[in-house]
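Reading through the structure tokens given below for one structure.
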Amino acid sequence: MAKTELIVDGTNIAWAWPRSRLCLLRKDHAGAQRLLVETATQSPLRAVYDQLTFVFDGPPPPAGPSSTRGVRVLYPDPGQSADERILELVTQAVHGGIGAVVATSDRALRDLVRTEGGSTIGGQALIQKIDPRNPAEPSRGGAAEPGEREEKPRPSGRDTEAWLQRFSAKKRPPT
């Protein structure tokens, strides 16, 4: 049986999942990350994949999730994006003879993963696997239909500024 690794674009999925999004809206990044990792770890995904790897944006928050046997929780190195870290992991897995599946709704990342030899699963499809009772998203009408391309929405200027303030090495003064 071939080995496979599921690499989760953690922040992307946490924002897409209504249960963890509530934590993020309260600025509880550690809580959102723990909820996603714990729920996925207790789901049927553990029987499907040899390794579950979660990559979150920014530095590790205090009291965030930790790695355990068969589950890795990673953050990008300083000056590196989570997407770059995910692509490194895909390249390592593919060159090591391990199948790499990346869970994200980020179209650009999904395209890059495929060019590196990995495969992808959409964010809503992953959420349905870890939380089958997930309520339908009012804006999307629920999980994507098979073959439908999921995309993360374009951020507003306010969203972009908030992300830059949260994750940049230099804090920007409020505008």
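Read-outs throughout are calculated quantities, based only on the coordinates presented, and are distinct from any laboratory measurement. The model shown is predicted, which means the values in this text are computed figures rather than measured ones. Counting neighbours? That spans all protein chains shown, and the Cβs are built from the backbone with ideal geometry, glycine included.
Tell me, what ³J(HN,Hα) does each residue in segment 26-39 have, in order and in whole Hz, if you take phi through Karplus 6.51 cos²θ - 1.76 cosθ + 1.60 with θ = phi - 60° and put x for Gly and Pro?
8, 6, 9, 5, 4, x, 5, 5, 4, 4, 5, 5, 5, 5
With a ≥ b ≥ c the root eigenvalues of the C-alpha gyration tensor of segment 1-144, is it rounded (a/c under 1.5), prolate (a/b larger than b/c) or oblate?
rounded
Estimate the FRET efficiency between Ala125 and Lys27 by the formula 1/(1 + (r/R0)^6), using the beta-carbon distance for r and 25 Å for R0, to the nearest 0.05.
Approximately 0.35, to the nearest 0.05.
Would you mind classifying segment 23-98 by shape? Square roots of the alpha carbon gyration tensor eigenvalues, ordered a ≥ b ≥ c; an a/c under 1.5 is rounded, otherwise it is prolate if a/b is larger than b/c and oblate if not.
Oblate shape, in that a/c is at least 1.5 and b/c is the bigger or equal ratio.
Using a simple spin-label model with points 7 Å from Cα along the Cα→Cβ vector, what separation in nm is obtained for Thr115 and Ser66?
3.9
Can you give the Rg and Dmax of segment 65-116 based on its C-alpha atoms, in angstrom?
11.6, 31
Place the peptides 77-85, 35-43, 9-17, 48-56 in order of packing, highest mean first, counting for every residue the other Cβ atoms within 10 Å and averaging per peptide.
9-17, 48-56, 35-43, 77-85
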